[in-house]
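Undergrad: Once you've had a glance at the structure underneath, I'll fire off some questions.
The values are calculated or read from the model by the stated rules, or taken from the named source; none is laboratory data. What you see is a predicted model, and the numbers here were worked out from it, not measured in a lab. Cβ coordinates were reconstructed from backbone atoms using ideal geometry, including for glycine residues, and neighbour counts include every protein chain displayed.
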Amino acid sequence: MHFYQNMSPQKRAWLNFAPIMKILAIALLTLNFTSADNLFSHKADYKACLAELQTMLPAASDNNEKAEVCWRLARVYLLLGDAASDKETKRSLYAEGMAAANEGIAANPSSYQCYMWRSANRGRDCQMRPLPQQAAASSQILSDLEQILDRLGKTAYSEAWEALSQLYIAHPLKSDDAGISYAYRAALTIPKDEIRISTLMWLATVLYDRDDDADDRAKTIKANREKFAASAKSNTAKYAYYEGNATLPWLTSSSAQLSDREEARAILRYAESKYNAKADKTPVDRQDYTELIKLKNKWN
C-alpha cells in the first residue's frame, strides 16, 4: 500500500487500467485461429478443433469474427459427419454444419466461406436422401456456389469450382463438359502452399471417364477457346468453357495433342511430384497420396 501511495498519478492510472488491458488482450488471443486451424489441418483432431471453436464463438468481437468462427465450425462438422459410422449421426452433424454456416451468413452475408461449407454439408446430407429431395437440395447447393463465384466474385476459390464440377458431373441435366471445365478451374486455383491431391485426382478422374481421343479433344478445346473469349456472361457461364484456356503445369505440350486418358495420367504424375516435393505433409495429404497410388496403379 505504501508503495502505491508513493506512485505518480500517471502510474496509478496505468495500474488501474492494466487489468482491463489484460482482459482485452486475452479476448483478442481467443480469436487467433492458428491453433484451431492447426488442429484441423495438421493434426486432423476434429473433436479438439470443434471444442476450441465452440469456446471462441461467444468471444467474437464483431460480425466478421463471428463469421470466421462459423465457417470453421461448419467445416469441422462436415469432417466429423464424414467420420461418423451411422446415418443418423452423420445427418445430425451435417445439420449442425449447416446451422453454423447459416449463423455466419446472418452475421456477415459476404462470408463466402460460410456459403461454401453450407453447400458442402448440404451436399453430404443430400446424398443420403431420396432422389426427389436430392433434386431440391442440388438447387440450393448451386445457389450457394453461384453466390460465391458470381455475386461475390471469388473466382480463385478452388473449393467452390470443385464443388460446382461435382454437381454438374452428378446432375443428369447438366453438361459433363462444363463439369470438366470447372474441374480444370479448381485444379488451377489450388493455393501455392497446398498440394490438394484430391482436387487433382478429381480432374484426372473426370477426364479418364470421358475418354475422348486426341482429335475429339482438339475440337472441344478449339470451340471452348472461342466461346470463352467471347463470353461476357456470369463467371459460372464463362468458365463452363475453361478447358483449353489455361497453361497446364503438368504438360510440356499442348493438351489438345493428347487424349483424355493420356492427360489424366499426366495429372497423377504431377500430383505425385508435388507430394514428394512438399516437406510439411498433413494427414489429409498422406491419406490422399495413398488413394493416388491406388488409382495410378489401376490405370497403368
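Undergrad: Select from region 142-166 the residues that are in contact (Cβ under 8 Å) with a residue 40 or more places away in the chain and of a type in the set (A, V, I, L, M) and write down the one among them that is farthest from Glu194 (Cα to Cα).
TA: My answer is Leu152.
Undergrad: May I pose another question? Hey, does region 215-231 have a residue that's of a type in the set (D, E, K, R) and under 23 Å from the mean Cα position of the chain (by Cα)?
TA: No, because not a single residue in region 215-231 is of a type in the set (D, E, K, R) and under 23 Å from the mean Cα position of the chain (by Cα).
Undergrad: Enumerate the helices (runs of 4 or more DSSP H) found wholly within region 184-282, keeping only those where 2 or more residues are farther than 18 Å from Leu167 by Cα and small (Gly, Ala, Ser).
TA: It comes to 214-230, 260-277.
Undergrad: Among the residues in region 90-101, are any in contact (Cβ under 8 Å) with a residue 12 or more places away in the chain, touching a Gly at 6+ places or on another chain (Cβ under 7 Å) and basic (Lys, Arg)?
TA: yes
Undergrad: While we're looking at this one, here's another question. Within region 279-300, take every residue that is closer than 20 Å to Lys192 by Cα and of a type in the set (A, V, I, L, M, F, W, C) and give me the one that is surrounded by the most Cβ atoms within 10 Å (Cβ to Cβ).
TA: Leu292
Undergrad: Here's a follow-up. So if I check each of Ser35, Ser85, which one is more than 21 Å from Asn108 (Cα to Cα) and outside the structural domain of Met128 (by TED's automatic domain parsing)?
TA: Ser35
Undergrad: How many residues does region 56-67 hold that are under 12 Å from Pro109 (Cα atoms) and of a type outside the set (A, V, I, L, M)?
TA: Residues flagged as under 12 Å from Pro109 (Cα atoms) and of a type outside the set (A, V, I, L, M) within region 56-67 amount to 3.
Undergrad: Would you mind finding the one in Ser175, Ser181, Ser158, Ser198 that is surrounded by fewer than 22 Cβ atoms within 10 Å (Cβ to Cβ), of a type in the set (Gly, Ala, Ser) and more than 13 Å from the chain's Cα centre (by Cα)?
TA: Matching residue, one of Ser175, Ser181, Ser158, Ser198: Ser175.
Undergrad: Got a number for residues in region 134-155 being surrounded by 14 or more Cβ atoms within 10 Å (Cβ to Cβ) and among the hydroxyl-bearing types (Ser, Thr, Tyr)?
TA: 2
Undergrad: Between a first residue in region 232-255 that is modelled with pLDDT of 90 or more and a second residue that is outside any helix (DSSP H, G or I) and not aliphatic (A, V, I, L, M), which pairs have beta carbons less than 6 Å apart while being 6 or more apart in sequence or on different chains?
TA: Partner pairs satisfying both residue conditions: Asn235/Thr155; Lys238/Ser231.
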